[in-house]
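First the structure, in the form of structure tokens, and then the observations on it.
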Amino acid sequence: DVNILLYCCWVASEGAVVIKPAEFNEIIEAIEPWQSFVVRGLRKIRLDMKKEELICFGKMSDDLRASIKQCEIEGERIEQMILYQSGQKLFVKKSIQTSERIGNARANLRNYIETISGSINETTDNLIQTISNDLMATINR
């Protein structure tokens, strides 16, 4: 879930402590119903409308599909707000160095990916490093 990946970086960049694997299970459990029933449902309808010729009626169906896409984006925004609210309990450190924030983001990403997949492979590790480097550049602006 890209929203959780963003969340991993955001809470760390704001100075939060590292999110433990058990906490990720709670986070996933809290947003999964919304993600499954709302966001994925809207996405499925939108994508089905795009690829299924039997329900393509030109501008009429295109306009509806665009409206559904906006609803999907709004659903993602609400998911981010759910994550934001759950993250408030993580902010216990007020002033930590940028290097520790980046380390926390890296640990968050690793913990999340290990929680959902069980392990980290080389490709995933490289991706975590790339995201961490990008986060450092963003924090240092």
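Some values worked out for this structure:
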{"read-out": "Test for LEU135: is it surrounded by 10 or more Cβ atoms within 10 Å (Cβ to Cβ) and of a type in the set (A, V, I, L, M)", "value": "yes"}
{"read-out": "Residue within region 75-83 that is of a type outside the set (Asp, Glu), under 17 Å from ILE113 (Cα atoms) and touching a residue at least 40 places away in the same chain (Cβ under 8 Å) present", "value": "yes"}
{"read-out": "Residue list for region 115-132, filter: on the phi < 0 side of the Ramachandran plot and open to solvent by less than 80 Å² (accessible area, probe 1.4 Å)", "value": "THR115, SER117, SER119, ILE120, THR124, ASP125, ILE128, GLN129, THR130, ILE131, SER132"}
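Quick grid of which residues meet (1) closer than 21 Å to ASP1 by Cα; (2) without any contact (Cβ under 8 Å) to a residue 60 or more places away in the chain:
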position: ILE19; (1), (2): yes, no
position: ALA22; (1), (2): yes, yes
position: ARG40; (1), (2): yes, yes
position: ILE45; (1), (2): yes, yes
position: PHE57; (1), (2): no, yes
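The values are calculated or read from the model by the stated rules, or taken from the named source; none is laboratory data. Bear in mind that the values here come from a model prediction, so they are computed numbers and not experimental data. We place every Cβ from the backbone using ideal geometry, glycine too, and count neighbours over all the protein chains shown. Please note that ligands, DNA and RNA were not included when accessible areas were found on the heavy atoms of the full protein model with its side chains. Shrake-Rupley method; radii C 1.70, N 1.55, O 1.52, S 1.80 Å.
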